[in-house]
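The values are calculated or read from the model by the stated rules, or taken from the named source; none is laboratory data. It should be emphasised that the depicted structure is a prediction, and the values quoted were computed from it without experimental measurement. Quick reminder, even Gly has a Cβ in these numbers, built from the backbone with ideal geometry, and neighbours come from all protein chains shown. Side chains are part of the model used for accessible areas, which takes the heavy atoms of the whole protein and leaves out ligands, DNA and RNA. Shrake-Rupley method; radii C 1.70, N 1.55, O 1.52, S 1.80 Å.
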Amino acid sequence: MAATVIDGKAFAARVRGQVAEHVARLKEESGIIPGLAVVLVGEDPASQVYVRSKGKQTVEVGMNSYEHKLDVDTSEADLLALIDRLNKDADVHGILVQLPLPSHLNEDMVINSIDPAKDVDGFHISNVGLLGTGQKSMVPCTPLGCLMMLRDHHGSLSGLNAVVIGRSNIVGKPMAQLLLNDSCTVTIAHSRTKDLAEVVGRADIVIAAVGRPEMVPGDWIKPGATVIDVGINRIDKPEGGTRLVGDCDYASCAAVAGAITPVPGGVGPMTIACLLANTVTACCRAHGLIEPQGLTA
Ligand code: NAD
């Protein structure tokens, strides 16, 4: 039977709708408007596209968007001074520093200078520790989006075997932690994993976050498993031009999986939707108000 296609675009639109409803309620009942500040250092074209898209969607759900574009040669002291101002600004509930930063800036130091309560990317060491100990935290957006789709599809994830391919701080590790917190039996695979095919073949849930085009073929997948493809890879088309593919070979995986996310249109759209969700959550927490249901882990 053909796999259920998990439509991330439609799912993300639903999440944005829930965020917009909550934002409207906050405005009406408390006069509060959640605000998201995005800091971009330099002119990396991909980062510029992401930042524009984040700003546009922030405004579309009724929140305030504050964009700070800094020169590529901005000093660490100036960047830290800006973050300090944003930390103290009561109108700013979420702060996101677009990564990667130019090489003269220490990413860890910059991220750890953000107030953890405003760290809507969930990368601050305090949030990493809170997530790791199963406490309330800000959760990284891409893994949060994957979790939402999995919970929606499966209901309970308890007892399922999950294999996460990739161990990055941004996707792989927090994803594994979230699945563990939802009582999955979790294996993290990576570039040194032996017999990846056998490891993946045991999984009820496969999360691929590697960055290698179509590296997971359908014959690795256990029949009926759920495949969440985080990878975004641009490859050349034989007829010229390029196209986006995931880390999984979509056609062969879809032929055996029970459910699968496509690329594009799967995990990708969920990331910004979860950033907006994290911002409204951070705003509610800052004001001691009830958080929206279903928009965090
Ligand atoms: P990364 O480069 O930081 O990490 C890649 C991981 O893959 C590493 O942990 C490495 O050990 C593992 N790996 C590399 N080769 C491997 C192999 N042959 N077998 C098994 N594991 C291997 O990447 P990342 O930031 O985690 O991103 C992963 C992918 O997800 C990229 O394609 C990226 O573009 C995409 N991504 C998508 C979104 C989204 O919004 N959809 C967000 C973040 C990342």
| request: Let me know the shape class of the chain, please: from the alpha-carbon gyration tensor, a ≥ b ≥ c as square roots of the eigenvalues, rounded when a/c is under 1.5, otherwise prolate if a/b is greater than b/c, or oblate. | output: prolate
| Dipole moment magnitude, nearest 20 debye, segment 31-116 about Cα centre, only Lys, Arg, Asp, Glu C-beta charged | 360
| request: Apply 1/(1 + (r/R0)^6) to the Cβ-Cβ distance of Asp73 and Ser158, taking R0 = 41 Å, and write down the FRET efficiency to the nearest 0.05. | output: 0.20
| Looking at this model, which pairs from Lys194/Lys222; Lys27/Lys69; Lys56/Lys136; Lys88/Lys118; Lys27/Lys56 are more than 22 angstrom apart at the alpha-carbon? | Lys27/Lys69; Lys56/Lys136
| Ranked highest first by the average count of other Cβ atoms within 10 Å around their residues, in what order do 268-280, 164-176, 183-195, 57-69 fall? | 268-280, 164-176, 57-69, 183-195
| task | Quick one: work out the % antiparallel among DSSP beta bridges in the chain, nearest 5. | result | 10
| Using a basic spin-label model with each label point 7 Å from the Cα along Cα→Cβ, how many nm lie between Lys56 and Ile232? | 1.3
| note | At q = 0.18 1/Å the base-10 log of I(q)/I(0) from the Debye formula over the alpha-carbon atoms of segment 74-162 is -0.85
| Using θ = phi - 60° and the Karplus form 6.51 cos²θ - 1.76 cosθ + 1.60, what ³J(HN,Hα) does each residue of segment 284-296 get, whole Hz, x for Gly and Pro? | 4, 5, 4, 9, x, 9, 5, 7, x, 7, x, 9, 9
| remark: The farthest towards the positive end of the charge dipole of segment 1-153, of the residues Ile125, Val92, Gln57, given +1 on Cβ of Lys and Arg and -1 on Cβ of Asp and Glu, is Gln57
| field | Accessible area per residue in Å² at 1.4 Å probe, computed on the chain | value | 46
| In percent, what relative contact order does the chain have, based on Cα pairs under 8 Å that are 6 or more apart in sequence? | 22
| Based on Cβ point charges of +1 for Lys and Arg and -1 for Asp and Glu, what charge dipole magnitude is obtained for the chain about its Cα centre, in debye rounded to the nearest 20? | 560
| field | Nearest-ten-degree value, helix 76-88 long axis tilted from longest Cα axis of the chain | value | 80
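Calculated FRET efficiency, Gln48 and Arg14, Cβ-Cβ r, R0 30 Å, to nearest 0.05?
After rounding to 0.05, the efficiency reads 0.60.
Ignoring ligands, DNA and RNA, what percent of the 1.4 Å accessible area of segment 31-116 is carbon and sulfur?
For segment 31-116, the apolar C and S fraction of the accessible surface comes to 51 percent.
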| Considering the zone a paramagnetic label at Thr185 would reach in this model (a point 7 Å from Cα along the Cα-to-Cβ line), which residues of segment 131-169 have amide N under 16 Å from it? | 157-164
| request: Specify whether the C-alpha gyration tensor of segment 31-116 places it in the rounded, prolate or oblate class, a ≥ b ≥ c being the square roots of the eigenvalues: rounded for a/c under 1.5, otherwise prolate if a/b is larger than b/c and oblate if not. | output: oblate
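How large is the dipole of segment 103-227 about the Cα centre if only Lys and Arg carry +1 and Asp and Glu carry -1, each at its Cβ, rounded to the nearest 20 debye?
That gives a dipole near 200 debye.
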